[in-house]
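For reference, the structure discussed in these notes is given below.
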C-alpha cells in the first residue's frame, strides 16, 4: 500500500500526529540500554509479556547466572527456571542460549559492541541473522541500544497505525515494519514508536479504544465508530392542535 492511497500516511500528517502526542505525553524518548547484548537478551525476554515481567526475568537470570558463559553452560531447564517471570520460559531459554553461542562464535566473546560502528542496514542484517531474531527485535536493538532512527512495530504500534489509517487494516506487522520505516520522516521513527506505545497502552486499547479522550480523534478515521453520536434535532416540532 503506497502513501497516496492512505491520506493519514503523509509526512505532513505524521508530523502533526507526532506534535500532538508529544504535547499529550511529554518527552518521547526511550530508555537507553548501557550494553547492547543486555538489551538483546532483554528484548527476547519481552516477547509476549509485559516490560515489567521481562525486566524481572532479566534480573532473575543475571542473579542466577552472573556471566553469559554460565548461561550458555547451564542446562536449558535451569535457565528456563530462572526466567519464569517472563513467560514462555521453555522457548526463550534455549533461544537465548543459542544467541549467546552464536555471538561468542562470531565475536570471540560475549559482546555485540561492533554493531555501534555498523551502518543501520548492516546492523539490521547482523541481528536478523541471529537465531530467533526478527524485524521487531532488530528494530528495538537499533532504536533502544544503538540510538538509531528506527521504529519497532509491536502489538501497540501495529494496532494504532492501522486504526489511524497510516497502514491499511490488513497490513501484517512484518509488512508494517517495512512501510513505516519509509513513511515516517527521518528523526521521528523512535519518538513516534514511543508515542504510539503510550497511546496504545493508555487510550487506543484493544478491543475498545477510548476515542473521546484521544488527542488524535479528529485525525483518526476509526474514531467515529466509537465516539457517541449526537442525536439530530427535529425540525419544526409537533404542531399544536387547535381547541
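Note on the range 46-69: residues that are touching a residue at least 12 places away in the same chain (Cβ under 8 Å), under 25 Å from residue 128 (Cβ atoms) and not in a helix (DSSP H, G or I) amount to 4. Once the range 175-209 is narrowed to residues that are in contact with a helix residue (DSSP H, G or I) (Cβ under 8 Å, 6 or more places away or on another chain) and assigned to a loop (DSSP other than H, G, I, E, B), the residue that is surrounded by the fewest Cβ atoms within 10 Å (Cβ to Cβ) is 206.
The residues in the range 140-174 that are more than 19 Å from residue 48 (Cα to Cα), touching a residue at least 24 places away in the same chain (Cβ under 8 Å) and in a loop (DSSP other than H, G, I, E, B) can be counted, and the count is 11.
Taking the range 34-45 as the range and being within 16 Å of the chain's Cα centre (by Cα) and touching a residue at least 60 places away in the same chain (Cβ under 8 Å) as the test, the residues that pass are 39, 40, 43, 44. Here is the figure for the range 210-231: residues that are within 14 Å of residue 159 (Cβ to Cβ) and exposed (fewer than 12 other Cβ atoms within 10 Å of the Cβ) total 0.
Where a number appears in this text, it was derived from the coordinates with a stated rule and is not lab data. Quantities reported herein were computed from a predicted structural model and do not represent experimental measurements. Please note: Cβ atoms are built from the backbone with ideal geometry, for glycine as well, and neighbour counts cover all protein chains shown.
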